[in-house]
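Just below is one structure, and these are the notes that go with it.
The values are calculated or read from the model by the stated rules, or taken from the named source; none is laboratory data. This structure is a prediction, so every number in the text was calculated from the model and none was measured. Cβ placement follows ideal geometry from the backbone for every residue including glycine, while neighbour counts extend to all protein chains displayed. The protein model used for the area step is the full one, side chains on, heavy atoms only, and it has no ligands, DNA or RNA in it. Shrake-Rupley method; radii C 1.70, N 1.55, O 1.52, S 1.80 Å.
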Amino acid sequence: MSHPPVQTDAPAMTETRTAVIGTLIVTLGPLSLALYTPALPMLVEAFQTTPAALKLTLSVYFFGFAFSQLACGPLSDAYGRRPVALAFFVTYVLGSVVAALSGTIEWLLIGRALQGIGAAAGIAISRAIVRDQFTGQRSARILNLIGLMLAVVPAVAPTLGGVILGTVGWHAIFMVMTLYGLAVLMVFAVGTAETNRTRDRSAARPGPVIRNYRTLLTDRRFMRAGLVLGTTLGGLYTMAALLPFVMIEGVGLSPTVFGFAMLLQTGSYTLGATLAGRLLRRVDAMRLIPYGLVCVAVGGLGFALAPLTGEPTVASVMGPTAVWAFGIALVMPGATSDALAGFPRMAGAASALIGFMQIGGGLAGTAVAALFADPYTATTAIMPGFALLSLLSYALLRVPASRRGHPAEPARPEDLEVAVDPAALVGAGGEEIEEALHQRRTSGRKGG
């Protein structure tokens, strides 16, 4: 889509104000997902329904998030950040109220879909209001703070959700989301200036948008990277729907202990992202992808073999999950950079579509999971399937360097920020990847 405007006027807001607002809105997504998941088993009994029906509440969340993500960027480029963000955040608050007051599973599904639509604006708008006003080190300082929140929130939100669930009940979880959504809405309505000074109505015209997406979808190199990301990170998003049932009902953990167990996933990803950030200073990002896919394959094999050990345990479930998350951290830099590198004139569209494919992987996985009566069986069937699809995508869609129609120039950091972990489920450590890729790009230019 559009590129960051050249900064010729004074910023509309101070660095501190921009950082606070950006941090506040960016956490909508991870809070809406991670606070909710510990409550899934309890909601089965509360609504007198089945686990499959509750898994659909995550499917519709991903559905709303995925498709609104494609629209949010072009709309804010065309009409401004404030009106578009306010419309999305009003939708989020409405969805939170509907979910909190829902008396049937149908109303809960509607509420979660509206929440997904509204939450999608958080990540895109938070980065946009920074890039509109600041460049260089000033932009980096603010984005690092936002990245820190995306590191912390996915780690603590499941634990917080488990504590709320164990002490107050599931209604309180949605009330917390409602109050947070209202705070975001009020701060954005009262305390946020319009930062998009180069609004372009043509950015939202369906014709150019569709043409950009069609170009991307027919590019073999882009689709290879997109499918690898969609199956690996999409698999982890699918686990968000399955792990609560497996760990709370199958293993027997309390919601609070389940929240602490999820630190194994986040911690493993953080470790992998930190290692990747260090390696990227000396090694090309593409060379890390095979090693990451090996980890994903080992995790998938672990899930496939887990039933042979008997009943599920923390080790047999969270062990493969941790290995999978570690592998994703090695896959993300090369796959994301490769997908975005060849499309400098449509980097925004490529970034949004990559995010859509990752969320779409979670949508597909949770939809398939709803077909299984037993969540543990679903886990041990779907995750190996995702691992196999990722390996096939990487192997069968390979494009020889001599046949690539565009140079493999590194993607811009601002586009990587949007494309890496769009739902902010794992989040932690992503800034290590972005910083290392940016340093490689800068050093490459100086060397040239």
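Annotations
- Largest to smallest in accessible area, the residues Tyr79, Tyr180 fall in the order Tyr79, Tyr180 (1.4 Å probe, all protein chains included).
- Simple Cβ-charge dipole of the range 158-297, Lys/Arg +1 and Asp/Glu -1, about Cα centre, in debye nearest 20: 880
- Here the range 288-396 exposes an accessible surface that is 77 percent carbon and sulfur, computed with a 1.4 Å probe and the other protein chains kept in place.
- Computed extension length for Arg211-Met186: 5.3 nm, one decimal, from 0.36 nm per residue of separation with the Cα-Cα distance subtracted.
- Placing pseudo-labels 7 Å out from each Cα toward the beta carbon at Met286 and Thr309 gives an inter-label distance of 3.7 nm.
- Sorted largest first by accessible area at a 1.4 angstrom probe radius, with every protein chain in place, the residues Cys295, Cys72 fall in the order Cys295, Cys72.
- Note on Tyr213: accessible area approximately 30 square angstrom, rounded to 10, probe 1.4 Å, nucleic acids and ligands left out.
- Stretch gain in nm, segment Glu106-Thr16, where the contour uses 0.36 nm per residue and the Cα spacing is subtracted: 28.2 nm
- Each of Leu264 and Leu396 was given a label point 7 Å from its Cα along the Cα-to-Cβ line. The distance between the two points is 3.3 nm.
- With a Förster radius of 56 Å applied to the C-beta separation of Arg278 and Arg201, the computed FRET efficiency comes to 0.80.
- Computed over the range 258-352, relative contact order equals 41 percent, with contacts defined as Cα pairs under 8 Å that lie 6+ residues apart.
- Computed from phi, the 3J(HN,Hα) profile of the range 299-316 under the Karplus parametrisation 6.51, -1.76, 1.60 (θ = phi - 60°) reads x, x, 5, x, 5, 5, 8, 4, x, 5, 8, x, 5, x, 10, 4, 5, 6 Hz, with x in place of Gly and Pro.
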